[in-house]
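Colleague: Starting off with a structure, shown below.
The values are calculated or read from the model by the stated rules, or taken from the named source; none is laboratory data. As the structure is a computational prediction, the values presented were derived from the model and not from experiment. Virtual Cβ from ideal backbone geometry, glycine too; neighbours counted across all protein chains shown. Ligands, DNA and RNA are excluded from the accessible area calculation, which covers all protein heavy atoms including side chains. Shrake-Rupley method; radii C 1.70, N 1.55, O 1.52, S 1.80 Å.
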Amino acid sequence: MRVAMAASLSSSPYTCSSKSIVLSKCSPKIKLGTNRFTISASTSVLSGGSPLLQAAKHTVDAYVKSGMVVGLGSGQASGMAIQYLGRLLRAGALKDIVGVPMSIASASEAAKAGIPLDQFNDSSQIDFSFDDADIIEEGTLIAVIGHRKPQVEDSIIQEKSILNASNQLAFMIKESQYMGGPEGSIPVLVNSLNWMQTAEEIDDLFLGDAEVWRRPSIGHAGPLGGDFPFVTREGHNVLDVIFTSPISSLAEVAESLDQIDGVVDHGVISKFPCTAVIAAESGLQIIDNVQKNMA
């Protein structure tokens, strides 16, 4: 059973295609270009280890400099990058690094690696951050984070705040996670008191192209989240909006979610400048987005 929709497509100000989700009410405000280069596996100085480990090492070697404040992300690649950064600090190849962890797991990994840590606050100045992403949209480098079930102490809001506060940002992903017309789910944080009303509004918005499930805290549950729905440290519920059709524009989805009362935040993040370090068996692809002013 899914959260039922209360409105028909004809009554919605948005139009949705069965092949891809198109929100015609929204319009992009920027034009993007991308710079791309490839590091061949056969010629890469990072050869050895898994492709994701190569991506982690490249990210640290290419972007982290002595004296930086570095945002430390969450996930498999971020864990590898944190360990590698710690080894460079112990070897003296880097000095005076301060890490700002985005999760309990990254704080624990950084402490074990010997990286000095600081807590994030609104005035934090972060030179560079790295993180895992669940999906990155081809062309725009807009990312989705938050698929993994966090600990109660973790926060999508804080993770996004650290990423947005960074002067530079790199996401490390597998080749299969970089796609045009991305599919999958987007986590949406909502006020817990009126979560059902918010879920129905989201369901109406993506009529026929998505299902809305409240995330449970333990095990598996139905769309209502069972008897123990997940509650973030800020007191919010998490709705997983599961798209059954390719999404034509993550930017438009994010803008539409932002307009719904009861939505606190979501897992879509758009950041300029941003780099995607894409791990593949053939080598690494490094893609940067370039912001261009509209004429």
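Colleague: Filter region 123-142 down to residues that are in contact with a Ser or Thr (Cβ under 8 Å, 6 or more places away or on another chain) and more than 15 Å from PRO182 (Cβ to Cβ), then give me how many there are.
Modeller: Residues meeting the conditions: 7.
Colleague: Every residue in region 64-97 that is of a type in the set (Ser, Thr, Tyr), closer than 24 Å to SER50 by Cα and open to solvent by 30 Å² or more (accessible area, probe 1.4 Å), please.
Modeller: The one that is of a type in the set (Ser, Thr, Tyr), closer than 24 Å to SER50 by Cα and open to solvent by 30 Å² or more (accessible area, probe 1.4 Å): TYR84.
Colleague: Determine whether LEU189 is over 13 Å from the mean Cα position of the chain (by Cα), open to solvent by less than 10 Å² (accessible area, probe 1.4 Å) and either among the aliphatic types (A, V, I, L, M) or more than 28 Å from PHE230 (Cα to Cα) (or both). Lay out the reasoning, then the answer.
Modeller: Values: over 13 Å from the mean Cα position of the chain (by Cα): yes; open to solvent by less than 10 Å² (accessible area, probe 1.4 Å): yes; either among the aliphatic types (A, V, I, L, M) or more than 28 Å from PHE230 (Cα to Cα) (or both): yes.
Yes; evaluated as a whole, the condition is true for this residue.
Colleague: Going through SER166, SER176, SER185, SER161 one at a time, which residue ends up being without any contact (Cβ under 8 Å) to a residue 60 or more places away in the chain and closer than 30 Å to SER123 by Cβ?
Modeller: Numbers: SER166 fails: without any contact (Cβ under 8 Å) to a residue 60 or more places away in the chain; SER176 fails: closer than 30 Å to SER123 by Cβ; SER185 fails: closer than 30 Å to SER123 by Cβ.
None of the other options fit; the residue is SER161.
Colleague: Could you run through region 259-274 and say how many residues are open to solvent by less than 30 Å² (accessible area, probe 1.4 Å), part of a strand (DSSP E or B) and among the β-branched types (Val, Ile, Thr)?
Modeller: Adding up the residues that qualify gives 3.
Colleague: Oh, and also: If the Cβ limit is 8 Å and pairs must be 6+ apart or interchain, which residue in region 214-236 that is more than 14 Å from ALA199 (Cβ to Cβ) and open to solvent by 30 Å² or more (accessible area, probe 1.4 Å) pairs with which residue that is among the polar types (S, T, N, Q) and at pLDDT below 90?
Modeller: Matching pairs, first to second residue: PHE228/SER217; VAL231/SER217; ARG233/SER155; GLU234/SER155.
Colleague: Moving on. Quick check on this structure: which one of ILE242, ILE247 is of a type outside the set (Lys, Arg), open to solvent by 20 Å² or more (accessible area, probe 1.4 Å) and modelled with pLDDT under 95?
Modeller: Only one candidate qualifies: ILE242.
Colleague: Hey, another quick one. Would you mind listing the strands (runs of 3 or more DSSP E) fully within region 103-222 where at least 2 residues are touching a Gly at 6+ places or on another chain (Cβ under 8 Å) and over 28 Å from SER50 (Cα atoms)?
Modeller: Numbers: elements: 126-132, 135-137, 166-174, 184-191, 210-214.
Filter on region 103-222 gives 184-191, 210-214.
Colleague: Looking only at region 101-111, filter to residues that are farther than 21 Å from ASP134 by Cα and among the aliphatic types (A, V, I, L, M); which one of those is surrounded by the most Cβ atoms within 10 Å (Cβ to Cβ)? It would help to see each step written out before you state the result.
Modeller: Taking region 101-111 first, the residues farther than 21 Å from ASP134 by Cα are 108, 110-111.
Next cut, among the aliphatic types (A, V, I, L, M) only: 110-111.
On the way: ALA110: 24, ALA111: 15.
Here the answer is ALA110.
Colleague: Cβ contacts < 7 Å: first residue under 28 Å from GLY49 (Cα atoms), restricted to region 280-295; second residue assigned to a loop (DSSP other than H, G, I, E, B) and at pLDDT below 90, any location; separation 6+ or different chain. Result?
Modeller: Cβ pairs passing all conditions: GLU281/ALA41; SER282/ALA41; GLY283/ALA41; GLY283/SER44; LEU284/SER44; ASP288/PRO273; ASN289/PHE272; ASN289/PRO273.
Colleague: Then there's this: May I ask you to list pairs of residues, at least six apart or on different chains, whose Cβ atoms are under 8 Å apart, with the first in region 94-119 being more than 19 Å from GLU159 (Cβ to Cβ) and the second being open to solvent by 20 Å² or more (accessible area, probe 1.4 Å) and of a type in the set (Lys, Arg)?
Modeller: The qualifying pairs are LEU94/LYS65; ALA113/ARG87; GLY114/ARG90.
Colleague: Does ILE135 count as touching a residue at least 12 places away in the same chain (Cβ under 8 Å), closer than 20 Å to VAL268 by Cβ and β-branched (Val, Ile, Thr)?
Modeller: Criteria met by ILE135.
Colleague: Would you point out the residue of region 268-295, among those that are at pLDDT 95 or above and among the small types (Gly, Ala, Ser), that is nearest to ASP203 (Cα to Cα)?
Modeller: So, considering only residues that are at pLDDT 95 or above and among the small types (Gly, Ala, Ser), the one nearest to ASP203 (Cα to Cα) is ALA276.
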